[in-house]
Amino acid sequence: MSKDHFLEIRGLKKYFDADRPSLRFASREMRHVHAVDGVDLSLQHSEVIALVGESGCGKSTLALLLMGLEESTAGTISFEGRDITHLKEHERKGLRRKIQMVFQDPYESLNPTQNIEEIINEPLLVHGIGKNKQDRDQRVKKALEDSGLKPADVYLQRFPHELSGGQRQRVVIAAALVLEPEILLADEPVSMLDVSIRAEIINLLAELRITRKIAVIFITHDLGSVGFFADRVAVMYLGRIVEIGTMLEVLEKPQHPYTKALLSVIPVPNPRLRRERIILQGETPNPIDVPTGCRFHPRCPVAMWTCKASDPPFTTLSKTHQAACLLLVK
Ligand code: SF4
């Protein structure tokens, strides 16, 4: 493991059983949903990676694997040099403190019967953190204020239904922050919020990576929302990362036709910078029946016959394939 990469994912796979009578006589491969299908990814301290792709591409399953909420089928996950792929529940407890998740729906994530103080205090009690009540109270207030709910005293006795959507998502972030994590897995954290609030939450996450030195994996289907925020962007399609690069590389010089298509539909205010829209044909293929060769070939506007047969990693594609992929890149 590189000393700069404190999280390393290698060849990670998660296949779910596809329990359908029609697949009873299908090959072993075809009796599984290939949710995550060979992902390599590394994360550095305080780095922000945006994991982008259509719904169903496997990005949320990848987050659940990192949290240990799903067991992987193959591959490895290392954190700070330690293999954490198959930990037992009691071994995972300390790790959960370091890797925290912010879910998409703040309405579902918060217990409506607890007030904000109880919600933020609970993770401290579960992990046995804090010398005494006074120490825990201070941690709760700091987490709330670092999440933008200031002064904390105003919010402590309120219940989730008394807060706006943006405030609820800040409470969810505070409940993660109170454990002082090193990595935040933010799974579509702004998609349920009003457009006006989204920028505030993204700004908050951008601030936290600086003030608290937290690395963030920001999962989103909206490539347009990661613009100024991410260091690197990883584009996922049907269980695989098909392109990864710095934010500028991917946004300004996308290499893969799928990335190019995602970028082409982002609204751009300046008409002179507007790109030609690329509308992909058809739906994302069924992850039970993954296409042969390059898995993007049924929808790729520049696919060639060889794309049906071979599936080399994008970085080692033959020159002809690269030329084809780049045809869409202007
Ligand atoms: Fe895949 Fe071929 Fe399209 Fe490249 S040109 S993305 S290899 S289908």
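DSSP beta bridges confined to the chain are antiparallel in about 55 percent of cases. The antiparallel fraction among DSSP beta bridges confined to segment 162-243 stands at about 40%. Under a Gaussian network description of the chain, with springs only between Cα atoms under 10 Å, the residue in GLU54, GLU145, GLU276 that fluctuates furthest is GLU276. Look at the Cα gyration tensor of segment 190-314: its axes a ≥ b ≥ c give a/c of at least 1.5 with a/b over b/c, and that counts as prolate. For segment 51-123, a/c is not less than 1.5, where a ≥ b ≥ c are the root eigenvalues of the C-alpha gyration tensor, and a/b does not top b/c. That puts it in the oblate class. Counting charges near ASP40 (Lys, Arg +1; Asp, Glu -1) among other residues having Cβ under 9 Å from its Cβ returns a value of 0. Comparing LYS59, LYS141, LYS131 in a Gaussian network model of the chain (Cα springs below 10 Å), the most mobile by mean-square fluctuation is LYS131.
Hey, what did the chain get for relative contact order, percent, Cα under 8 Å, at least 6 apart?
RCO, the chain: 21 percent.
Secondary structure note: in segment 129-280, about 55% of the DSSP beta bridges are antiparallel. Roughly how many whole Å is it from the C-alpha centroid of segment 291-313 to that of segment 153-216? Cα centres, segment 291-313 to segment 153-216: 40 Å.
Listed by chain and number, the aspartates and glutamates whose alpha-carbon sits under 20 Å from that of LYS213, ignoring those within fewer than 8 places in the same chain, are ASP4, GLU8, GLU47, GLU80, GLU145, ASP146, GLU180, GLU182, ASP187, GLU200, ASP231.
By per-residue mean of other Cβ atoms within 10 Å, what is the highest-first order of 210-217, 176-183?
Values: 210-217: 16.6, 176-183: 21.0.
Top to bottom by mean Cβ count within 10 Å: 176-183, 210-217.
For HIS32, the residues 5 or more places off, or on other chains, whose built amide H falls under 5 Å of its own are ALA18. In terms of its Cα atoms, the chain spans 68, 52, 43 Å along the principal axes, sorted from long to short.
A straight line joining the Cα centroids of segment 238-258 and segment 76-119 runs 29 Å.
Bear in mind that the values in this text are calculations on the coordinates, not laboratory data. Quantities reported herein were computed from a predicted structural model and do not represent experimental measurements. Because the Cβ atoms are built from the backbone with ideal geometry, glycine has one as well, and the counts that use them run over all protein chains shown.
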